[in-house]
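Participant: A single structure is presented below for examination.
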Amino acid sequence: MAIPDVSILRRCVGALCFVLVCGALAFARPVVQGPTTSPEFADPRTSMTTYQRAITAWKNQRDEAQRSVAKACFDVRHMAAKEADYAAGRVAEDLDFVLDRVVPFDPTKYADRALVGDSTTWTIDLVNDRHPSDVFTLEFTRLSDGRWVFGRSVVERVSDWWSVVQDWPLVAGAGKRMTLSERVRATVPVRFQEIHFWLEDWQWLGLLALMLAGWALKLLVSVVFRHGVDRLGRADGIRVDRALLASFERPLALLITALMVARGLVLLDVEPAAYGILFFAASLVLDVAAVWAAFRLVDVASSFLAERAAQTENKFDDVLVPLLRRTLKIVVAVVGILYLATLITDDVTSLVAGISIGTLALGFAAKDSIENLFGTFTVLLDKPFQLGDVIKVGDVEGTVEDVGFRSTRLRTGEDSLITVPNSRFISANVDNLGARRHRRIRAFLSLTYDTPPAKIEAFCEGVRELIRRNPNARQDNFEVSLYQLSASSVDVLMQFYVLAPGFRDDVAERHAIYSGVLELAQRLNVGLAFPTTTLHVARPEDAVHPDTPRSRDEARERGRAAASDVSKS
C-alpha cells in the first residue's frame with residue numbers, strides 16, 4: 001500500500017484546524033464579569049472612587065483594562081449577556097457625562113462606611129445649583145459577593161439624565177473627556193439627532209455607512225483572496241474552478257457586511273434595548289453567512305486538494321479528500337448551530353447538558369450509523385483497499401467507486417451499483433482482488449486413457465515450454481504434471497501465475513494459454529477427453545491371463561522389474 005502524500009495530509013489537517021479555530025473565535029463573545037469580593041468595591045464611597053478613576057483612565061488614556069473596571073461598577077444582571085456588556089459600557093460613559101454637568105463630584109463627601117451597616121441599598125441625591133428642580137438620585141446596591149455597584153435604577157435612567165443635561169455647561173473642575181462614540185455624536189449636526197422612527201436619523205445613516213463599508217471591504221478581500229488562490233495554483237500547477245470562487249465571494253460579502261454592522265454598533269451610540277435587537281439581527285445574519293461562506297470555502301479547498309491528489313499516484317488521497325469535505329461541513333454546521341443557540345439563550349451550561357443528553361439518546365438510536373462510522377475509520381486507517389480496486393466482501397464483489405461516512409459503493413461485473421455498509425469491514429474478511437501482484441491460472445487438462453505415456457510426457461513438456469515463452473508468466477513458480485487418474489480421463493495439472501493488473505489482462509492471458517494448449521494437443525495428436533461412458537463386453541478368452549504370477553513373491557518381483565525398466569527409459 002502506497003504511503004499517502006504528506007503535502008495532501010498536511011493541507012487537509014490545516015483546513016480542519018482553520019475551521020475549528022473559526023468556530024472557537026465565533027464563541028469568543030464578551031461577557032461582563034465583575035471581580036469577586038474586592039476592596040475596590042467594599043462600600044459605595046470606594047466604588048464611586050473606583051468608577052471615577054477607571055472612567056478617567058479610559059477616556060484620557062484609552063486603557064481597555066480600566067474600561068472593564070468601569071463597566072463592572074454597574075448592576076446589569078437583569079440584561080441578557082449579548083447586550084449587558086454594551087449597556088454597561090454605554091452607561092459608564094453617559095453617567096460620566098452627566099456628573100460633569102451636574103455637580104463637582106467628590107466621593108469623600110458621601111457614603112461614610114459607618115452609615116452603610118448591613119443594608120443592601122444606599123442612595124445619594126445630586127442637584128445642580130442652576131437647575132435645583134432636577135434631582136439625580138444615585139442608587140447603590142450590594143451584590144451577593146459583597147461588591148457595591150451602581151444599582152439598576154441608575155442603569156435604566158441614565159439615558160434620560162443625559163437628555164436633560166446635554167445642553168448644560170461643564171461644572172468647575174470637570175475636564176472635556178470624550179469617548180469615541182461621544183466624539184462621533186459631537187460631529188453630527190443637531191438636526192440629524194432627531195428620532196422619526198425608532199433610531200435617530202444619523203444612526204440610520206450610520207447603519208447604511210457600515211453596510212457600504214462592509215461591501216467595499218468585501219471587494220478588497222475578494223481581490224486578495226482570488227490573487228492568493230491563483231498564485232498558489234500556479235505554484236502547484238493546479239487551476240481552481242472560477243465558478244467555485246464566485247460562489248464563495250457571494251456569502252463573503254454578506255459575512256463582512258454583518259461583521260461590520262455587529263462591530264460598528266458601538267460607534268452609533270444607540271440605546272441598550274435597540275442595541276440588543278440590532279446586535280441579535282446582525283449576529284444571526286453573521287452566523288448564517290459564516291456557515292454559508294465556510295461551506296463554499298470547503299468546496300474551494302476540496303477542489304484544490306482533489307486536483308492536487310489527482311496528480312499523485314497514491315489513490316488514498318482520492319478517498320481522503322471527499323471524506324474531509326464532508327467532515328468539515330459537518331463541523332461547520334455544528335459550530336453554526338451552537339452559536340445560533342447561544343444567541344437565543346445565555347444558559348450555555350444547560351444548552352451543553354441538553355446537547356449531551358440528546359447526543360446520548362441519538363447514539364442509542366443510531367447504533368448502526370455509529371458502527372458504520374467506525375467502519376469508515378477502519379477503511380481510512382487500515383487501508384484495506386483503494387479507489388478502483390476490485391474487492392470481495394462476503395458474497396459481494398465489485399470495483400470500489402466511492403467511500404462515504406456510512407457506506408462504500410461497489411460497481412459489480414453486471415454494471416450494477418451495490419452499497420455496502422462500512423460496518424461490514426470491521427467483522428468481515430475483505431478480499432482485495434485488485435491488490436494481487438499476479439493472477440493464478442489453474443486448470444486440469446484431461447487426456448484420453450488411450451494416450452501413450454510418452455505422449456503424455458511430451459504434452460506436459462510442451463505446456464511447460466508455452467509458459468516459459470510467456471513474458472508475463474512467473475518463471476519461478478509454475479507446475480505442469482500428471483496429477484490424477486479420474487473416472488474418464490488422465491488429468492494433467494497446469495498451474496502458473498501471470499502479471500495481469502486488470503480483468504481484461506487476465507482474460508487475455510487465459511485466452512493465449514488455452515489456445516496454445518489446444519494447438520499443442522493437435523500437433524502432438526493427443527486427444528483431450530470429455531466425460532464419456534464406454535460399454536465393454538468381455539469374451540471368455542479375455543478373462544484368461546497366461547502371464548499371471550503364480551505367487552505373491554513372484555508378483556512383487558515382476559512389478560519391481562517393470563518399474564525399474566520404466567525408470568531407465
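The values are calculated or read from the model by the stated rules, or taken from the named source; none is laboratory data. Everything quoted here is computed from the prediction, not taken from an experiment. Backbone-built Cβ (ideal geometry, glycine too); neighbour counts: all protein chains shown.
Participant: Considering region 414-445 alone, what residues qualify as being closer than 30 Å to Y483 by Cβ and of a type outside the set (K, R)?
Facilitator: N429, D431, N432, L433, A435, H438, I441, A443, F444, L445
Participant: Same structure, new question: For region 481-499, check the following and say yes or no: at least one residue is assigned to a helix (DSSP H, G or I), in contact (Cβ under 8 Å) with a residue 24 or more places away in the chain and more than 27 Å from L433 (Cβ to Cβ).
Facilitator: The answer is no; no qualifying residue exists.
Participant: Same structure again: Examine region 307-318 for a residue that is among the polar types (S, T, N, Q), part of a helix (DSSP H, G or I) and either at pLDDT below 80 or in contact with a Gly (Cβ under 9 Å, 6 or more places away or on another chain) (or both), and state whether such a residue exists.
Facilitator: no
Participant: Quick check, is V91 among the aliphatic types (A, V, I, L, M), in the same structural domain as V171 (by TED's automatic domain parsing), modelled with pLDDT of 85 or more and over 14 Å from R142 (Cα atoms)?
Facilitator: Considered against the rule, which asks whether it is among the aliphatic types (A, V, I, L, M), in the same structural domain as V171 (by TED's automatic domain parsing), modelled with pLDDT of 85 or more and over 14 Å from R142 (Cα atoms), V91 comes out as yes.
Participant: Could you please find all residues in region 386-445 being within 23 Å of R474 (Cβ to Cβ), in contact with a strand residue (DSSP E or B) (Cβ under 6 Å, 6 or more places away or on another chain) and outside any strand (DSSP E or B)?
Facilitator: D389, L433, G434, H438
Participant: Any idea which of (1) within 29 Å of E397 (Cα to Cα); (2) at pLDDT 90 or above is the one N477 doesn't satisfy?
Facilitator: All conditions are met except number (2).
Participant: Applying the selection to region 442-457, what residues are at pLDDT 90 or above and aliphatic (A, V, I, L, M)?
Facilitator: Those that are at pLDDT 90 or above and aliphatic (A, V, I, L, M): A443, L445, L447.
Yes/no matrix, rows are residues, columns are (1) surrounded by fewer than 17 Cβ atoms within 10 Å (Cβ to Cβ); (2) at pLDDT below 80:
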{"residue": "L265", "(1), (2)": "no, yes"}
{"residue": "D269", "(1), (2)": "no, yes"}
{"residue": "A273", "(1), (2)": "yes, yes"}
{"residue": "S283", "(1), (2)": "no, no"}
{"residue": "V291", "(1), (2)": "no, no"}
{"residue": "V300", "(1), (2)": "no, yes"}
{"residue": "R325", "(1), (2)": "no, yes"}
{"residue": "V335", "(1), (2)": "no, no"}
